[in-house]
Amino acid sequence: MFHGRRVAAIIAAAGKGSRMGSDIPKQFLKLGGEPVMIKSIRTFENMDAVDYIFIVAGKDYLDHCRQLVEDYGFTKVESIVTGGDQRQDSVFNALQEMNRLKPGVEFVLIHDAARPFISEEVVENVLSETAGTGAAVACVAMKNSVRKIGDGGSEYVNRDDYVSVQTPQGFRKSLLINAYEKAYDDSFYGTDDASIVERAGERIAIVDGDYSNIKITTREDLPMENRVGTGFDVHRLTEGRKLILGGVEIPWDRGLDGHSDADVVIHALMDALLGAAAMGDIGVHFPDDDPRYEGADSSLLLREVIKKLDGEFYKVANVDITIMAQSPKLQPYIPQMRRVIAGCLEVSPERVSVKATTTERLGFIGREEGIACQAAASIYR
Ligand code: CTP
Ligand code: MG
């Protein structure tokens, strides 16, 4: 049906995600290890009916988007356009860029980057209706009862008279551009593209969307996720240093050598936590040639790691730590280590397991040349 007709998709990814409140805008949060926006784009990238993709991104995220497009090998992305204040401004910028670069485009699909579960079937529904009528939006029936609110109270309305609007929204390009220009002439702002096109006197056809095609808006919309990570670290034993393990100072004639306080337990744990979130490792976040971390209290760095995880809404389910040391005897200090670590992780000590073992005098640990630690962490969202 679309043979020889040019179809472009605009992915609106220039929002700030203020209702989500994450450290990075919601379209860049990861779901199952992949940015939300990437999932949204992939459906269009994979469809034969779609020729070009235009992404709109906030000005501080243009490079990040470029990198993602390259990393994921998308070939249909024609341009990454700077967004505007409102969604409408962002879409208009993309439309103008599209007109410059690909004037032959006949149909435009506009999709929220924050709707990663879009299926090819829904895009096809929108596109085939758009080809016929010029304007179509994906919608679903209301599941909840609906009330209209007004001064002094609220009033029952029949939910069958309403639908909930999703994206993609598809339009014949000429009609869409006229409608957008008219909206700007009248200083009109709408919450979606259909409202703008309708205002220009066009009819909007409704096609079947899909309940799973949600717009990720608040943190409750992020699907449940459980992840695990592991970490490992070794430090050399030396004279004239304090021995700090799991945030606890242990009286001994030797200590661990290192740039920071050399707390091998917390270092292994931080790597396990970062690993669980696929956020790199401690070397990336706290480089050991950075003077800020000289003699650093590792438990403060652990709190930093927890803040980074919290920025993506991850919480700690439990951690399990094995310290490998020939001596001194660590058993008496383990309850305190668990309390200190639990405090940093903002969980109860019951979620923190610390174990110690010798290596039967074998290897560098057995010769008391160093202490090693292995950690596993489970996180959830
Ligand atoms: N969007 C955009 N440009 C804007 C505002 C929004 O491209 N100036 C995009 C968002 O990135 C999102 C889609 O439009 O993919 C739907 O908007 P919304 O869910 O409201 O996202 P945000 O505006 O980012 O979120 P919030 O309203 O909570 O700040
Ligand atoms: Mg918004």
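Just one of the listed residues (207, 197, 234) is in a strand (DSSP E or B), in the same structural domain as residue 163 (by TED's automatic domain parsing) and surrounded by 15 or more Cβ atoms within 10 Å (Cβ to Cβ), and it is 207.
Taken over the range 65-117, the criterion of being within 16 Å of ligand 2 (Cβ to nearest atom), in contact with a strand residue (DSSP E or B) (Cβ under 9 Å, 6 or more places away or on another chain), over 13 Å from residue 44 (Cβ atoms) and not in a helix (DSSP H, G or I) is satisfied by 83, 84, 114. As a summary of the residue check, residue 280 satisfies the conditions (1) in contact (Cβ under 8 Å) with a residue 12 or more places away in the chain; (2) not in a helix (DSSP H, G or I) except for the one numbered (1). For the range 340-347, indicate whether the set of residues that are among the acidic types (Asp, Glu), free of Cβ contacts under 8 Å to residues at least 40 places away in the same chain, within 25 Å of residue 305 (Cβ to Cβ) and in contact with a helix residue (DSSP H, G or I) (Cβ under 9 Å, 6 or more places away or on another chain) is non-empty. No, the conditions are met nowhere in the range 340-347.
Picking from residues in the range 6-20 that are of a type outside the set (D, E, K, R) and more than 13 Å from ligand 2 (Cβ to nearest atom), the one that is nearest to the chain's Cα centre (by Cα) is 11.
The condition of being in contact (Cβ under 8 Å) with a residue 12 or more places away in the chain, over 30 Å from residue 362 (Cα atoms), hydrophobic (A, V, I, L, M, F, W, C) and not assigned by TED's automatic domain parsing to the domain that holds residue 27 holds for only one of 272, 262, 296, 325, that being 296.
Please go through the range 79-95 and pick out each residue that is surrounded by fewer than 21 Cβ atoms within 10 Å (Cβ to Cβ) and either in contact with a Cys (Cβ under 8 Å, 6 or more places away or on another chain) or without any contact (Cβ under 8 Å) to a residue 40 or more places away in the chain (or both). 79, 85, 89, 93 - these are the residues of the range 79-95 that are surrounded by fewer than 21 Cβ atoms within 10 Å (Cβ to Cβ) and either in contact with a Cys (Cβ under 8 Å, 6 or more places away or on another chain) or without any contact (Cβ under 8 Å) to a residue 40 or more places away in the chain (or both). State whether the residues of the range 28-51 include one that is within 17 Å of residue 86 (Cβ to Cβ), assigned by TED's automatic domain parsing to the domain that holds residue 74 and in contact (Cβ under 8 Å) with a residue 40 or more places away in the chain. Scanning the range 28-51, I find no residue that is within 17 Å of residue 86 (Cβ to Cβ), assigned by TED's automatic domain parsing to the domain that holds residue 74 and in contact (Cβ under 8 Å) with a residue 40 or more places away in the chain, so the answer is no.
The set of residues from the range 20-36 being touching a Lys or Arg at 6+ places or on another chain (Cβ under 9 Å) and not acidic (Asp, Glu) comprises 20, 21, 22, 25, 26, 31, 32, 33, 36. Looking at residue 200, is it within 30 Å of residue 378 (Cβ to Cβ) and of a type in the set (A, V, I, L, M, F, W, C)? Taking the combined requirement at face value, the residue does not satisfy it.
Tell me the residue from 24, 10, 41 that is closer than 15 Å to residue 105 by Cβ, of a type outside the set (Phe, Trp, Tyr) and either within 14 Å of ligand 1 (Cβ to nearest atom) or assigned to a loop (DSSP other than H, G, I, E, B) (or both), please. Going through 24, 10, 41 in turn, just one is closer than 15 Å to residue 105 by Cβ, of a type outside the set (Phe, Trp, Tyr) and either within 14 Å of ligand 1 (Cβ to nearest atom) or assigned to a loop (DSSP other than H, G, I, E, B) (or both): 10. Of all residues in the range 308-329, those satisfying the criterion of being within 30 Å of residue 219 (Cα to Cα) and in a loop (DSSP other than H, G, I, E, B) are 311, 312, 313, 314.
The values are calculated or read from the model by the stated rules, or taken from the named source; none is laboratory data. These numbers were taken from a predicted model, which means no experiment stands behind them. Note that we place each Cβ from the backbone using ideal geometry, even for glycine, and neighbour counts take in every protein chain shown.
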